[in-house]
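Trainee: Pasting in a structure now, in structure tokens, and then I'll have a few things to ask.
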Amino acid sequence: MDDLDKKIQAALSEEDRALMAQFEEQGLLGQLGSLFQGKLAWLSIATLAMGTLLTIIAVYAVWKFVVADDITAMLKWGGLAWVTASSQMMIKLWSWMRMETNRSLREIKRLELQIARLQAD
């Protein structure tokens, strides 16, 4: 926390501090948990289930690739492993982008709250 943050905290009333605490910076686990709240929680649950399923399929395909006897079977299992692993990584990237969006929205709400408090005074 820098000097400006300390000055802002000192200028706020107790009620304002309690309200601002809702919009404080979250850690990684807090951000991950915030994916499962709000209007798009169902989508996060669905992508978590799909990501888990894709991971299981990818591990199985890699195992079948390793034990395959001919080149054709190896190419099929290797292709399936690559597609499922890539899809699972895209789901992870989407989740990280959504966490960053939530973080930006939280900062915007903090600014809106500060502006509203300034206008009220």
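Trainee: Show which lysines lie in cross-link reach of LYS76 when reach means a straight Cα distance below 21 angstrom and same-chain residues fewer than eight apart are skipped.
Mentor: LYS64
Trainee: Then there's this: Using a 10 Å cut-off on Cβ atoms, rank the peptides 109-115, 57-63 from the highest mean neighbour count down.
Mentor: Listed from highest to lowest mean packing, they are 57-63, 109-115.
Trainee: What list of ³J(HN,Hα) values in whole Hz, one per residue of region 62-71 in order, does the Karplus curve 6.51 cos²θ - 1.76 cosθ + 1.60 (θ = phi - 60°) give from phi, with Gly and Pro shown as x?
Mentor: 5, 4, 5, 4, 5, 8, 5, 8, 10, 5
Trainee: If R0 is 35 Å, what FRET efficiency do you get for ILE56 and GLU100 from their C-beta distance, rounded to 0.05?
Mentor: 0.80
A short reminder: the numbers here are calculations on the coordinates, not readings from a lab. Remember, it's a predicted structure, so these values are computed and weren't measured experimentally. Using ideal geometry, Cβ is built from the backbone for each residue, glycine included, and neighbour counts are taken over all protein chains shown.
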